[in-house]
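A.B. asks: I am attaching a structure below and will ask some questions about it afterwards.
The values are calculated or read from the model by the stated rules, or taken from the named source; none is laboratory data. A quick note: this is a predicted structure, and the numbers were derived from the prediction, not measured. Don't worry about glycine lacking a Cβ; one is built from the backbone with ideal geometry, like all the others, and counts go over all protein chains shown.
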Amino acid sequence: MKKAIFLVLTVFSLIDLSIAQRKINADYRLHIKEISDPITIDGVMDEETWLQAEVATDFYMIIPMDTSYSSVRTDVRMAYDDKHIYILVENFHALDGPYMVESLRRDFSFGKNDNFIFFMDPFDDQLNGFSFGANAAGAQWDGIMFNGGQIDLSWDNKWISKVTNYDDRWVFEAAIPFKSIRYKGGITEWGINFSRMDLKTTEKSGWAPVPRQFPSASLAYTGVLVWDTPPPSPGPNVSVIPYALGGMNQNVQEGQAAEFRNAFGMDAKIGLSSSMNLDLTVNPDFSQVEVDRQVTNLDRFELFFPERRQFFLENGDIFGNFGYETIRPFFSRRVGLDAPILGGARLSGRINKDWRVGAMSMQTAAVPENNLGGQNYSVISLQRRVFSRSNIGAILVNRQSAPFEPGTGESKTFSEYNRNFGMEFNYASSNNLWTGKAFMLNSFSPVQGHGMVYASNLRYSSGNLTWNWRHEYVSDNYTAEVGFVPRTGFYKASPSVGYLFFPKSKKILSHGPEVNVNLFYDTGWELTDNESFLVYSVRFRSQSNLFIWGAYDYIKLQQPFDPTNFSGDLLESGTEHQWYSLGGEFRSKPQSLFTYSFSGRVGGYFADGERYNSVGEIGYRIQPYFGMTMSANYNEIHLPEPWSVTSFWLIGPRIDLTLTNTFFITTFVQYNEQIKNINLNARLQWRFAPASDIFLVLTDNYLPAPFYTKDRSVALKFTYWWNL
């Protein structure tokens, strides 16, 4: 094992040393100076500061081609004072016609809106940063950046902006407080890039050029923001975010009376330095978070749903991105899953340009009626930057049960403790063509004993060719009670290769095949799964997409399994199943007010059965105020007795009403025949001040037939972001 890890590290280091270490777009430099007169955020360029500011212009096209300047003109100016960073952007029209947006909702879909977004790398390490922007109707976008170009849009912070529309352009102006971001004091160069999406021309462009195989958010290709003096210190940086909540819960199905509740709590954000933050929470409540969208589950293993709670999001990658998507030693949604959170603290940020640290401890209450004692969840993570854009990290995760005397039996969910320790190497070459990861994990539990994981991958992405090799090992007794590891006891090999053609066509942007293979073996090296598929994709210049695929599946069940996840009848462990299937998908262009997508599959299934699936979604919008979508998913499964023919629907209409960019009403209904449930969720949000909200949330669950209410809840919540 040690030899394998040494070999992986050697390969990564040789690749990195073979590539020039100088920042790729270091010659793209924008100078930012202190304001000469006060700036009013109104989307009007009438201040002297903007007339004197240096202009970033002559953007490069990223798509459809990355070999020329964009036909769409974009001019960017930046300035600052002792409290804010200011930006003003003129987004000129290249073609006549109205702008195209989905709505005024915050954190819009990038590819479905005329928008401008910029990416800041305040440590100039090309790995982590912040993203801000707006669409042409004024809806805000903000997110925290990690892994060199990924963005978590669940992160919200305090800043202001305004969009003003003119006949020939739309203007975006914003003020971002230094207190809302993290940066290293004393340095005068930040990484930065600007991205423009113009749906009338279907062009995506960037100030510093980015190859089309990478997102415009790729921090490896940022230019340089040059400060005339080091950015000012944010000064005392303490924010208190109290909340008050009132509501009602009623379990109608159990015949219970309505239970009224009220709650008070508080979060606090304390800036220990410009790059280090301490978050505190007391009696948190997350009732305003949107419920998870339901899915049809025909999988043998647990499904993943992302974290949406604000407290866990800033610098969340240092905790939650350790490992792979199905091997996570820490998954914050485990915290508070079975019991209310009493409080917690989280320290995260940078010690300097090379070192990042994260430490978190959360305490939950005991739930005697479930024989569940209080739990403490703690995690410590440390990262050290190496090479140009890589890092080595370590993580320690601990869940500890408080002393507890259950009424009957033992604790319902947890052993006395569960601990995980791991180390990880994340690799990214300076030009982002090569990326990879290698990690090891060890678990310790009084019930399962000692377990381990090791895994690694190496990926290459050029303009045409993409390939990846990945392998994993998870021992039978590995446990991560605070993580997400739906499957244990296997070896896995996952090679993939794809190639894209870029024809000289007025309608097709790119097309090409991709082959993926996932091979699972048990710990005795007997093949248990072979998931192989070939997909051919076509991307049109209009931004519509077509996918056609074929797949082969072989599965030797390691546990009994109900192939419908519906009937309760099980296939026996050890039985073998194989089949072929075909499918396709088409998504229409996002510029139209009426949009649609559909997909389908036909082919075999478990027990020599057959599965037919069709999925469709239609949408219509009256921009920017109203949007409605209707999605439907139908499955029909043909199996021998005792299952016979099983069919079920998942239907989900959704309505979005965005009267302004601070007032939103979202309503959706989910009819899930597989679990015999109808869910209604209506959510009103009024952002009456930056990062301060009033929420009204109604959630009902119904039994489809005979139709009656199973449970109901109503919550009214007030939050206010108060800077001390």
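A.B. asks: Would you check which residues across region 234-257 are over 30 Å from TYR80 (Cβ atoms) and either in the same structural domain as GLN310 (by TED's automatic domain parsing) or touching a residue at least 24 places away in the same chain (Cβ under 8 Å) (or both) and list them?
C.D. replies: PRO242, TYR243, ALA244, LEU245, GLY246, GLY247, MET248, ASN249, GLN250, ASN251, VAL252, GLN253
A.B. asks: Would you be able to tell me the number of residues in region 66-115 that are over 16 Å from MET197 (Cβ atoms) and not in a strand (DSSP E or B)?
C.D. replies: Selection size over region 66-115: 9.
A.B. asks: When you go through LEU509, LEU534, LEU582, LEU546 one by one, which is the residue that is in a strand (DSSP E or B), of a type outside the set (Ser, Thr, Tyr) and modelled with pLDDT under 95?
C.D. replies: Answer to the selection: LEU509.
A.B. asks: Filter region 83-104 down to the residues that are in contact with a Pro (Cβ under 9 Å, 6 or more places away or on another chain) and farther than 25 Å from ASP46 by Cα, then identify the one that is surrounded by the fewest Cβ atoms within 10 Å (Cβ to Cβ).
C.D. replies: Going through the qualifying residues, I end up with GLU102.
A.B. asks: Within region 195-213, restricting attention to residues that are in contact with a strand residue (DSSP E or B) (Cβ under 7 Å, 6 or more places away or on another chain) and basic (Lys, Arg), which residue is modelled with the lowest pLDDT?
C.D. replies: ARG212
A.B. asks: Out of ALA705, ALA682, ALA715, I need the residue that is of a type in the set (Gly, Ala, Ser) and touching a residue at least 60 places away in the same chain (Cβ under 8 Å). Which one?
C.D. replies: The match here is ALA715.
A.B. asks: Listed residues VAL386, VAL367, VAL357; which is over 28 Å from LEU127 (Cα atoms) and surrounded by fewer than 18 Cβ atoms within 10 Å (Cβ to Cβ)?
C.D. replies: Going through VAL386, VAL367, VAL357 in turn, the sole match is VAL367.
A.B. asks: Sticking with this structure for a sec: Of all residues in region 553-576 being within 31 Å of the chain's Cα centre (by Cα) and among the β-branched types (Val, Ile, Thr), which is surrounded by the fewest Cβ atoms within 10 Å (Cβ to Cβ)?
C.D. replies: This residue is ILE555.
A.B. asks: I would also like to ask the following. On the given criteria, is ASP167 out of contact with any strand residue (DSSP E or B) (no Cβ under 8 Å at 6 or more places or on another chain) and either surrounded by fewer than 21 Cβ atoms within 10 Å (Cβ to Cβ) or touching a residue at least 60 places away in the same chain (Cβ under 8 Å) (or both)?
C.D. replies: yes
A.B. asks: Out of the residues in region 181-214 meeting the condition of being basic (Lys, Arg) and surrounded by fewer than 24 Cβ atoms within 10 Å (Cβ to Cβ), tell me which one is farthest from ASN91 (Cα to Cα).
C.D. replies: LYS184
A.B. asks: Among the residues of region 313-335, write down those that are touching a residue at least 40 places away in the same chain (Cβ under 8 Å) and in contact with a Ser or Thr (Cβ under 9 Å, 6 or more places away or on another chain).
C.D. replies: LEU313, GLU314, ASN315, GLY316, ILE318, PHE319, PHE322, PRO329, PHE330, VAL335
Here is a yes/no grid of residues against (1) over 19 Å from TRP159 (Cα atoms); (2) touching a strand residue (DSSP E or B) at 6+ places or on another chain (Cβ under 8 Å); (3) β-branched (Val, Ile, Thr):
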position: VAL240; (1), (2), (3): no, yes, yes
position: VAL252; (1), (2), (3): yes, yes, yes
position: GLU259; (1), (2), (3): yes, yes, no
position: LYS269; (1), (2), (3): no, yes, no
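A.B. asks: If only one of TYR28, TYR60 is closer than 30 Å to SER588 by Cα and at pLDDT 95 or above, which one is it?
C.D. replies: TYR60
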